[in-house]
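Here is the structure we will look at, set down as structure tokens.
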Amino acid sequence: MKMKKMLSAVLASALVIGSVNPCFASATQQKIDEAQKQKQEMESSISEAQDKIDALESKKGQSESYLEDLNGQLEELKNSLQKLQDEYDDKQAELGQVQKELEEAKASEAQQYNDMKIRIQYMYENSSTSYVEMFLSADSISEFLSRAVNIAQLSEYDRELLEEYQETREQIAEKEKQVIQEKEEIQELQIQSQDKQAEVSELIEATYNEIRSYQDSISQAQSEQADLLAEVSAQEEEINSLIRQAKEEEIAAQKAEEEAQRQREEAEAAQNQQNSSSGTGGSTAQTPAQDETQDSTGDSGNSSQGKYLGKFRLTSYCACSICCGSWSGGPTASGTVPTAGRTVAMGGVPFGTKLLINGHIYIVEDRGTAYGHVDIFSNSHSEALAFGSKYADVYLVE
Ligand SMILES: [Zn+2]
């Protein structure tokens, strides 16, 4: 229920001040005007602080969605890196297998080579030793084969078999080279993925720091705003007490005016008495006249109705969002359930203050209007609207 107050209080107090007689209240009125001006400056600072907070919140929001995007990228990179690791492990196993096959092929080839040498040695043992030496002195298998081609006696079968073994060994060696190359390619991709991951992680760190810095600035601005709100609150209290002072000055001035009027009438009456009778009972006749005057000025003194506070402006509000904004439907500023016929809002007096207005006692339970403007709670917005705006004498009930 406090919300509407922020906005209406300025208007309301301006109207109330307008109702104060300028002849009696000019010095106080000047103070009120000055206080109102200061309050407006504070409110404009609050509004500036809010703009700053909004801008920071917006930037923070952008950074947060960027951070979300980066975290998504990082997740994807981690997944792809895991996939590469799996591929690398598979390739490593394949390489182990190929290398094992290569060892076997080399062994088969060497075995065949040895078998052939033995057979050739046997074949030529007793004939031409120069051939044997020629074969046995070959530096490599290919040299051996090229020499063997020319030897008619060399078994065709042996030769083909050795060539087959050699071919198998070369194929496997080729396969090994290919697998090693594939493994290196995977490693290259892993390095790229790790680099990208490091890059994204750095961006995440930077963005996170940026968000934290925005949050710090927001907290700072919010704290400044809270200080300003407290200052506005204090200023409202100051304004309320100045308005109360102006009201009291107005009542005192009325009283003085009435007293002057009474004295004029008294003087006139005394004059008339003197004119009509030559007696000396003038002073005894004055006493009842004085009493009569006091009784008739109940408006300006402390009567059975309570202490007269002055002519206040009356309006009405309800619990709707038009009247109360975001506070709509909630409790009053003092925590009570707003009740028609009892609840009123007004600043400058403590909660629970009883006000007598048009013969009915209301209790101040809510805030939002300045001192001198009573906002009366209604059950519906149409009732509040129908009430309109009026002025009435207000008494403080002790
Ligand atoms: Zn309403």
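Restricting attention to the stretch 352-392, the residues being at positive phi and either more than 16 Å from the ligand (Cβ to nearest atom) or touching a Gly at 6+ places or on another chain (Cβ under 7 Å) (or both) number 4. A residue that is over 16 Å from D375 (Cβ atoms) and modelled with pLDDT of 90 or more can be found somewhere in the stretch 296-307.
If you go through the stretch 309-323 and keep only what is buried (at least 21 other Cβ atoms within 10 Å of the Cβ) and assigned to a helix (DSSP H, G or I), you end up with just C323.
Condition (residue is free of Cβ contacts under 8 Å to residues at least 60 places away in the same chain, assigned by TED's automatic domain parsing to the domain that holds V394 and buried (at least 22 other Cβ atoms within 10 Å of the Cβ)) applied to the stretch 329-339: is it met by at least one residue? Give the derivation first.
Looking only at the stretch 329-339, we keep the residues that are free of Cβ contacts under 8 Å to residues at least 60 places away in the same chain, and these are 329, 334-337, 339.
If we keep only those that are assigned by TED's automatic domain parsing to the domain that holds V394 too, we end up with 329, 334-337, 339.
Okay, now just the ones that are also buried (at least 22 other Cβ atoms within 10 Å of the Cβ), so none.
Scanning the stretch 329-339, I find no residue that is free of Cβ contacts under 8 Å to residues at least 60 places away in the same chain, assigned by TED's automatic domain parsing to the domain that holds V394 and buried (at least 22 other Cβ atoms within 10 Å of the Cβ), so the answer is no.
Please go through the stretch 348-364 and give me each residue that is among the hydroxyl-bearing types (S, T, Y) and assigned to a strand (DSSP E or B), ordered by number.
Let us first name the residues in the stretch 348-364 that are among the hydroxyl-bearing types (S, T, Y), namely 353, 362.
Y362, the sole residue that qualifies.
Might you let me know whether the stretch 307-325 holds any residue that is free of Cβ contacts under 8 Å to residues at least 40 places away in the same chain, β-branched (V, I, T) and within 16 Å of the ligand (Cβ to nearest atom)? No - not one qualifying residue is present in the stretch 307-325. Checking the structure you have, find out if any residue of the stretch 325-340 is in a strand (DSSP E or B), at pLDDT 95 or above and within 20 Å of F387 (Cβ to Cβ). Scanning the stretch 325-340, I find no residue that is in a strand (DSSP E or B), at pLDDT 95 or above and within 20 Å of F387 (Cβ to Cβ), so the answer is no. For the stretch 261-270, the condition holds for no residue, the condition being that it is part of a helix (DSSP H, G or I), under 18 Å from G310 (Cα atoms) and modelled with pLDDT of 90 or more.
Taking the conditions (1) in contact with a Ser or Thr (Cβ under 9 Å, 6 or more places away or on another chain); (2) exposed (fewer than 13 other Cβ atoms within 10 Å of the Cβ) in turn, S63 satisfies each one other than (2). Taking the conditions (1) among the hydroxyl-bearing types (S, T, Y); (2) within 16 Å of the ligand (Cβ to nearest atom); (3) over 33 Å from the mean Cα position of the chain (by Cα) in turn, Y395 satisfies each one other than (2).
The set of residues in the stretch 379-398 being among the polar types (S, T, N, Q) and in contact with a strand residue (DSSP E or B) (Cβ under 7 Å, 6 or more places away or on another chain) consists of S389 alone.
Being farther than 29 Å from K307 by Cα, over 15 Å from the mean Cα position of the chain (by Cα) and aliphatic (A, V, I, L, M) is true for just one of A206, A256, A234. Which residue is that? Reasoning before the result, please.
Details: A256 fails: farther than 29 Å from K307 by Cα; A234 fails: farther than 29 Å from K307 by Cα.
The unique qualifying residue is A206.
The values are calculated or read from the model by the stated rules, or taken from the named source; none is laboratory data. All of these numbers come straight from a predicted model, not from anything done at the bench. With ideal geometry, Cβ positions are generated from the backbone for all residues, glycine too; neighbour counts draw on all protein chains shown.
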